[in-house]
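For reference, the structure discussed in these notes is given below.
The values are calculated or read from the model by the stated rules, or taken from the named source; none is laboratory data. Computed from a predicted structure; not experimentally measured. For neighbour counting, all protein chains shown are included, and Cβ atoms are generated from backbone atoms with ideal geometry for every residue, glycine included.
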Amino acid sequence: MSFLSTTNVSLPTLFAESNPNAALVSFLIYTAAVFVIAALSNRLLKSKSFLSEYFLGSRGLGVWAFALTFAATSSSGGSFTGFPSKIYSHGWILALWIGSYMVVPICTMGLIGKRLNQVARRSGSITVPDVVRDRFHSPVLGLMAVSLIVFFMSFNLVAQFKAGSLILQTLLDGVSIFESTADGLAQAVSGIPFLSDGVSPEYLLCLLVFGIAVIIYTTYGGFHAVVWTDVMQGIVMVIGVIIMLPLAISQAGGLENTTKLMAKMTPPRFSAGDKGGITLTLDKPAAENMRVEVGTWITDKPIADSKVPLLFRVTAAAEIPAGETSVDEVKVIQLTTLDDIERILGRRESENFLDGVTVSNIDLVQYAYGEEASQQGAYIVGPGPSPSSNTGFLPLSLAISFFFMWAISGTGQPANMVRLMAFRDTKTLQRSICTVAIYYTLIYFPLVVIFCCARVLLPGMEGESDRIMPAMAVYLTEHIGMGWLAGLLVAAPFAAVMSTVDSFLLLISSAWVRDVYQRNINPEASEKTIKLLSYLATFVVGTVAMVVAINPPQFLQDIIVYVGSGLAASFLAPIIYGLYWRRVNAAGAMGAMLGGFGLHLAMYVTGYFENGSFFKPYQMFDFDPIIVGLFGSFFCGFIVTKLTAPPPQELVQKFFYTEKAGS
Amino acid sequence: MSTAPSNDTESMQLDPVFLNSKREAWIILGLWVVALLWAVPYCYINGFQSGLDPESVETTMGIPSWVFWGIAFPWVVADLFTIWFCLFYMKEDDLGVAHEGEDLAEEIAEMHAAEDEATTGGNES
């Protein structure tokens, strides 16, 4: 305290100023904790059946471990970047978009949990392809399952690595030691074309730090390390949200006020991707090259017949060369809501404004839905404003699709199924479903509220809405003079993506070791070989994914959407039939798997011919391809089963019957 | 796997875990349908409007009323149902012991049996 009194700096100010470093500190503490957990988990590996322990935690997960690993794995980085960004951009309609989460825990865990766990125990299955193979006694079906999982999940793993690095990059933005290390790295790799061409050194550094940390702790600790880090990550996430909620509501002047202000909002105008924007003219020529950064505010007097001042925010960096006075086609968004404009102009001192410029040649487009007089109040009613779709953000058919997407398609995700094979007993399942239900209630609905408040507190973030979570964390905590708290809050999205990556990594490596090597190449491999291969596979799969993520394939985000629904379309029906229908046979399960995969793919291929892009799938009756895929999969499975011979009776007996008591 | 099933069926009964989980799955699916039928039509009828007057927004506890009654309230109801269902309705079943390695052992045995058969078959011919 003597330090504080002599330099006359108050504690809160000190913390507020050290804000970027708070992110670094919290990241380091976090990573250290993760490694401790991995080391402890590794000790468990010595005592039990190695494969079952390494990939399934010896089927012994208790309530907290099971509930939180399930919740944390399901909420990927998207929950804390993509979802807040959507709430911010489209308003209250996101409550309906996420609405099915009210039944997601009971559906995704309860529909198949108990029975899947029992069937896996009965056959000794460790992975999802294992279950399919054992249940139908069909190596071909097992191979089909493992191919689909490896193919689909590999894309997903690369995407999650990328997401994790981007989030870390956002967190560490502005930390001096981080930027100087990135510069050093840039120099070190300048001679290596693969690492330097078009790759930002900050991204590369984050990818290396994030990737290596995840690969090491997952490889070393196996399933238990993943589970216990998930528990810690899950707790960080919920604490982050619980702290943010009251801060957001009180700083936005109450929820009532927020909704009233949102009712008056109209969407911004924006510059189209290829051409258009605004022309900036300086009062005097630039002395040296002048860079106009993303996020810079620009204001000018109202145009004739209007009282509303012009207010723009730059969405892509531009440069005015030395000696020049103007630059054309600067990409911006223009705010159109008077309250928002006045709020930003009112805090001109603390915002980044570009002074001494005038604006001309305004060539901006308006939202396809949300600005017409008949669409007033777009942010508080359905279908929500949309820049590109003239039916709005969430038309009725999509709202129904999302009910399928989250609750039903979530049940069909192999990463979730693996967890359902790992809980200890029914009691654990029962209590865990309740825990996850409460957990999701504490996270998802509050997120909608928080980021509706963000519309009021931080207008004009549409151009970089993926950064709304860290931006909001910093804004809220600085206002109460506790900048250090931002470190904890921004750890939440990082935790979310980390807990997803580690699970996917283990899922893919288990597919290689167990399903490809042990069950198809060398069933009699020794425990020692399998152990070595497990470590090796996890390490290699992680490293390859990390290397690919340096220059990730184009359309990565679109690929993820395709992958998520494709997996569910391929796996849900075979698993449900296998667990609950005695008559189903291997041919039926194959029909369901291929039918779902094929029909879902067909929607995308048709989209390629109809809409000109593979990633604009054909929407039969306006529904998402997942619905066609799921229904098709169940239908094909049913028909093929009915047309082929019943399964061997001993197989049915093994999985559907028990000895009569006393006999 | 080579036991004659007809002799066994009399000493076997349908697995109660299978029956219980099947019944529970149907109820959960029903809950999903109810949630869908409550949330989506309610929000569509009350929350999808055009030409809204910003001054006359209906709110409940600061939330637009259609969100409150279409999402927030059923969410709480769904949570209560989930808790009741899991803690008081779901049967506490014995999931059995894990037969670790059994599937593999079985396949190895089958593999060797096939090999033996091939050798014996080859010798006989």
Legend entry - Candidates A:GLU342, A:GLU319, A:GLU324, A:GLU351, filtered to the one that is over 17 Å from A:GLY460 (Cα atoms) and within 36 Å of the chain's Cα centre (by Cα): A:GLU319
Inset, instruction - Could you grab me the full set of residues in the stretch A:409-441 that are at pLDDT 95 or above and either among the acidic types (Asp, Glu) or in contact with a Ser or Thr (Cβ under 6 Å, 6 or more places away or on another chain) (or both)? - result: A:ALA437
Legend entry - Subset of the stretch B:75-95 (residues that are within 7 Å of chain A (Cβ to nearest Cβ) and part of a loop (DSSP other than H, G, I, E, B)): B:MET90, B:GLU92, B:ASP93, B:LEU95
Inset, instruction - Would you check if there is a residue in the stretch A:197-204 being under 30 Å from A:ILE450 (Cβ atoms) and within 19 Å of the chain's Cα centre (by Cα)? - result: yes
Inset, instruction - Go through (1) crowded, with 19+ Cβ neighbours inside 10 Å; (2) in a helix (DSSP H, G or I); (3) modelled with pLDDT of 90 or more and name the single condition A:TRP406 misses. - result: (3)
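Taking the stretch A:435-464 on its own, how many of its residues are in contact with a Leu (Cβ under 7 Å, 6 or more places away or on another chain), part of a helix (DSSP H, G or I) and surrounded by 21 or more Cβ atoms within 10 Å (Cβ to Cβ)?
Number satisfying all stated conditions: 4.
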Legend entry - Meets criteria (on the phi < 0 side of the Ramachandran plot, at pLDDT 85 or above and within 7 Å of chain A (Cβ to nearest Cβ)) for B:ILE45: no
Legend entry - Criterion violated by A:SER509 - all others in (1) at pLDDT 85 or above; (2) more than 30 Å from A:PRO139 (Cβ to Cβ); (3) not acidic (Asp, Glu) satisfied: (2)
Legend entry - A:VAL605 surrounded by fewer than 17 Cβ atoms within 10 Å (Cβ to Cβ) and either acidic (Asp, Glu) or assigned to a helix (DSSP H, G or I) (or both): yes
Inset, instruction - Please verify whether the stretch A:442-463 includes one or more residues that are at positive phi and modelled with pLDDT under 90. - result: no
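Pull up the stretch A:72-102, narrow it to residues that are within 14 Å of chain B (Cβ to nearest Cβ) and under 15 Å from the mean Cα position of the chain (by Cα), then point me to the one that is surrounded by the most Cβ atoms within 10 Å (Cβ to Cβ).
Looking at the filtered set, the residue picked out is A:ILE87.
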Inset, instruction - Mind listing whichever residues of the stretch A:623-646 are within 17 Å of A:ARG582 (Cβ to Cβ) and within 13 Å of another protein chain (Cβ to nearest Cβ)? - result: A:PHE634, A:PRO646
Inset, instruction - Sort out which residues of the stretch A:498-541 are β-branched (Val, Ile, Thr) and more than 20 Å from A:VAL209 (Cβ to Cβ), and write them in order of number. - result: A:ILE508, A:VAL513, A:VAL516, A:ILE521, A:THR529, A:ILE530
Legend entry - Which numbered condition B:GLY101 fails, given (1) in contact with a Ser or Thr (Cβ under 8 Å, 6 or more places away or on another chain); (2) under 30 Å from A:ALA378 (Cβ atoms): (2)
Inset, instruction - Hey, could you check the stretch A:647-663 for residues that are part of a loop (DSSP other than H, G, I, E, B) and either surrounded by 14 or more Cβ atoms within 10 Å (Cβ to Cβ) or at pLDDT 95 or above (or both) and say which is farthest from the other protein chains (Cβ to nearest Cβ)? - result: A:PRO647
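Could you tell me whether A:ALA568 is out of contact with any Cys (no Cβ under 6 Å at 6 or more places or on another chain) and modelled with pLDDT of 95 or more?
no
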Legend entry - Residue satisfying all of: in the stretch A:417-427; surrounded by 21 or more Cβ atoms within 10 Å (Cβ to Cβ) and not aliphatic (A, V, I, L, M); farthest from the other protein chains (Cβ to nearest Cβ) among these: A:ARG419
Legend entry - Test: B:GLU55 is surrounded by fewer than 19 Cβ atoms within 10 Å (Cβ to Cβ) and either more than 7 Å from chain A (Cβ to nearest Cβ) or assigned to a strand (DSSP E or B) (or both): yes
Inset, instruction - Would you mind stating whether A:PHE597 is away from chain B (no Cβ under 14 Å), out of contact with any Phe, Trp or Tyr (no Cβ under 8 Å at 6 or more places or on another chain) and either crowded, with 22+ Cβ neighbours inside 10 Å or not β-branched (Val, Ile, Thr) (or both)? - result: yes
Legend entry - Criterion (touching a Gly at 6+ places or on another chain (Cβ under 8 Å), farther than 30 Å from A:LEU204 by Cβ, part of a helix (DSSP H, G or I) and in contact (Cβ under 8 Å) with a residue 60 or more places away in the chain) met by exactly one of A:GLY588, A:GLY632: A:GLY632
Inset, instruction - Select, from B:GLU115, B:GLU107, the only residue that is more than 7 Å from chain A (Cβ to nearest Cβ) and within 30 Å of A:PRO523 (Cβ to Cβ). - result: B:GLU115
Inset, instruction - Considering (1) farther than 24 Å from A:GLY110 by Cα; (2) more than 7 Å from chain A (Cβ to nearest Cβ), say which one B:VAL34 fails and leave the rest. - result: (1)
Legend entry - Evaluation of A:ILE37 against (1) more than 30 Å from A:ARG519 (Cα to Cα); (2) crowded, with 24+ Cβ neighbours inside 10 Å (one fails), failing number: (2)
Inset, instruction - Please state which of the following conditions A:ILE235 fails to meet, knowing it meets all the rest: (1) within 14 Å of chain B (Cβ to nearest Cβ); (2) within 21 Å of the chain's Cα centre (by Cα). - result: (1)
Inset, instruction - From the list B:ALA98, B:ALA72, pick out the single residue that is modelled with pLDDT of 90 or more, surrounded by 18 or more Cβ atoms within 10 Å (Cβ to Cβ) and at the interface with chain A (Cβ under 7 Å from one of its Cβ atoms). - result: B:ALA72
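Suppose we keep only residues that are within 14 Å of chain B (Cβ to nearest Cβ) and touching a Ser or Thr at 6+ places or on another chain (Cβ under 9 Å) within the stretch A:574-594. Which one would you say is nearest to A:THR500 (Cα to Cα)? So that I can check it myself, show each step before the final result.
Keep residues of the stretch A:574-594 that are within 14 Å of chain B (Cβ to nearest Cβ), which gives A:575-584.
Narrowing the set further to residues that are touching a Ser or Thr at 6+ places or on another chain (Cβ under 9 Å) leaves A:575-577, A:579-581, A:583-584.
On the way: A:ILE575: 22, A:ILE576: 24, A:TYR577: 28, A:LEU579: 26, A:TYR580: 29, A:TRP581: 32, A:ARG583: 36, A:VAL584: 33 Å.
Residue satisfying both the conditions and the ranking: A:ILE575.
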Legend entry - Test set (1) more than 24 Å from the chain's Cα centre (by Cα); (2) more than 9 Å from every other protein chain (Cβ to nearest Cβ); (3) of a type in the set (A, V, I, L, M) - A:ALA120 fails condition number: (2)
